[in-house]
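Worksheet: the structure to be examined is printed underneath.
The values are calculated or read from the model by the stated rules, or taken from the named source; none is laboratory data. No experiment lies behind these values; they were computed from the predicted model shown. Neighbour counts are summed over all protein chains in view; Cβ atoms, including those assigned to glycine, are modelled from backbone coordinates with ideal geometry. SASA here: full protein model, heavy atoms, side chains in, ligands and nucleic acids out. Shrake-Rupley method; radii C 1.70, N 1.55, O 1.52, S 1.80 Å.
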Amino acid sequence: MTELPGTGETRRPTRRAFTLASLGAAALVTTSACAESERDDSGDQGAGAGGTVDTFVFGGSSDPDSLDPVFASDGETFRITRQIFEGLVSTVPGTTELAPSLATQWSASEDGLSYTFTLQQGVTFSNGVPFDANAVVANFERWYDLRGLAQGEDLAYYYRSIFRGFRTNDDPALTTSLYAGSTANPDGTVTVNLTSPFAGFLASLTLPAFAMQETGAVEAGGGNGADGGDPRQSAYATSGPVGTGPFVFDSWQRGQQITLKRNDDYWGEKAKVSTAIVQFIGDGTARRQALQNGDIDGYDLVAPADVATLEDEGFQIQNRPAFNVLYLGINQAFPPLNDLKVRQAIAHAIDKEAVVRNALPEGTEVATQFMPSNVIGWNEDVTTYEFDPDRARQLLAEAGQSDLTIPFNYPTDVSRPYMPDPATIYTAVSSQLDAVGITTTPVAEQWSPNYLGTVQGGTEHGIHLLGWTGDYNDPDNFIGVFFGAATNEWGFDDPGLFQGLADARTATSVQAQEQAYQDLNEQIMTLLPGVPIASPVPSLAFAPGVSGYTASPVQDEVWNTVTVSADS
């Protein structure tokens, strides 16, 4: 099993320390085929050294919510802010393993209540202000001091999820903060203190929400919402972000594109292109056509049906390592789904291999539990429910439910990494349930704005398709999110499970964390609140001349190593 990220230890010493040498990203292999470029003059297209183009254009699906990552929780925002901002901790390219970023190394106290970070030297924010221990303290204090609207779950989502509270809580649902203060030490290091141990603390710092910002620029641009307004609409969050990353903000044409420029004073490996553009193209087919026409150099979430076509035309496909789970949720507040035998019958009725084969991308892994196999605590011996229609019928008969009809919710107008084509997945699963005598009533709803409100915010639903893409490598980010408290999605109340998940979150050794989450995965699969189906492999597509892009399981993709051939 994997060690606890960032410790480098299999047993707990007095102080745990971690350091890595800097790592380069592996490049995409450049193929010989080239697409005819029909790109307009949206940026500097001049050829650079070695026959390269000075601009990289990526097709995004929508505008970002904000340019301040503290107030974001969506991938389109983070795709952009990862280029502008950096955190103390990053990931090894293409993996979920921790790597140095603005911190070169770190150590944790034996009790897990304090972490001390050694910082990169000579780093400045893009406005010339030095990055140092005082800047780190200022960022942690900024998050801790947010008030009013800025504390809302739809704004400070990740801070609330990890730290659980602020200096002054304006929402009664919040509790004592995990954060207990920080200190800029005389030797230039910085120490962050916690109110209780949290095994996933270092991994959580890889989240873009916890990137370092120049807090003076934030304050000057009204970025903290002190005036009572929405901080996502502040001057700072819409036109003035200041970080330490390889690119700086240039312009935002709403509904069209965001333009970034190379940070020529960047402390690390400077960007190989002078301009990076994200064009907003909402429709997946339109993104594919834009790549084929040469209007963009790459895009994400390629439809499985388009992969072979693009490869045949000479385009490059990169599969992002699977770090997600697709599941069939079961609402126990909807009788008779509160009967374990009925839930077991549903599990035995589903042929996961057939669903993967007919509805999901090549390379998808069948799931046995509610986390992918590369997360600590994954249990190879967990209770499973093999495809067995006869056993499903027997369980339904024992439960007195041989003629069962239940609503089946699934989303429309959306493609998610774990669910590229919801209607196809629904059709596959519903036909399997029907074959054992479970009639499903289809309830199709648009993803935005209705679907999540129905299956997570209400109680009138039966079974439903949903999933989760991991934010960082820690089991709490999977089963802790799903089952850490009573929710409308699952409709059950199990104080023992909730407490077990809360206790596991505070583990201070690799062995304790691994054992706790293996036990919890077994407990969850015995309870069977739903049926984990698969961990699909999302795909990205690139023009033949693009190199230096490394797909990340957590989308930690920074573009300073990307080049674009002038011949493609």
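Things worth noting here:
- Cβ-Cβ FRET estimate between residue 175 and residue 460, R0 fixed at 25 Å, reported to 0.05: 0.25
- Residue-span extension gain [residue 366 to residue 311] - 0.36 nm each, minus C-alpha spacing: 17.3 nm
- Span per principal axis, largest first, for the Cα atoms of the range 452-568 (Å): 61, 41, 20
- Straight-line cross-link partners of residue 341 among the aspartates and glutamates, defined as a Cα under 20 Å from its Cα and at least 8 positions apart when in the same chain: 351, 386, 388, 390, 398, 403, 434, 489, 493, 494, 522.
- Note that the range 157-234 presents 37 Å² accessible area per residue, ligands and nucleic acids not counted, probe 1.4 Å.
- Average accessible surface for the range 51-149: 29 Å² per residue, computed with a 1.4 Å probe over protein heavy atoms with every protein chain in place.
- Three-way shape label, the range 373-425, alpha-carbon gyration tensor, a/c 1.5: oblate
- Relative contact order (percent, whole number), the range 341-490, Cα cutoff 8 Å, 6+ residue spacing: 28
- Computed over all pairs of different Cα atoms, the Kirkwood value for the hydrodynamic radius of the chain is 24.8 Å.
- Basic side chains Lys and Arg get +1 at the Cβ, acidic Asp and Glu get -1 at the Cβ, and with that the dipole of the chain about its Cα centre reaches some 800 debye.
- As a fraction of the 1.4 Å probe accessible area of the range 85-168, surface on carbon and sulfur atoms comes out at 48 percent.
- Interchain or long-range residues, amide H under 5 Å from residue 194's placed H: 114, 180
- Cross-link partners of residue 261 among lysines (Cα-Cα below 28 Å; sequence separation of 8 or more within a chain): 270, 272
- Mean Kyte hydropathy of -0.5 or more with a Cα span along the axis of at least 18 Å, helices from DSSP in the chain: 422-435
- The range 288-367 and the range 139-200 have Cα centres lying 35 Å from one another.
- Selection among 124, 565, 524 by position relative to the dipole of the chain gives 124 as farthest towards the positive end (Cβ unit charges, Cα centre).
- Of all accessible heavy-atom area on the range 267-370, the percent that carbon and sulfur account for (1.4 Å): 44
- Its Cα gyration tensor gives the range 248-302 an equivalent ellipsoid. The semi-axes, each the square root of 5 times an eigenvalue, are 25, 13, 8 Å from largest down.
- Of all accessible heavy-atom area on the range 199-238, the percent that carbon and sulfur account for (1.4 Å): 49
- Between the amide H of residue 90 and those of 99, 101, distances stay under 5 Å, these residues lying 5 or more places away or on another chain, with hydrogens modeled in the peptide plane.
- Rolling a 1.4 angstrom probe over the protein heavy atoms with all chains in place gives the range 342-407 an accessible area of 45 Å² per residue.
- Distant-in-sequence amide H partners of residue 466 (H built 1.01 Å from N, under 5 Å): 327, 329
- Prolate/oblate/rounded call for the range 322-455, Cα gyration tensor, a/c under 1.5 rounded: oblate
- Simple rule: put +1 on each Lys or Arg Cβ and -1 on each Asp or Glu Cβ in the chain, find the dipole, and look at 496, 263, 107; the Cα lying farthest toward the positive end is 107.
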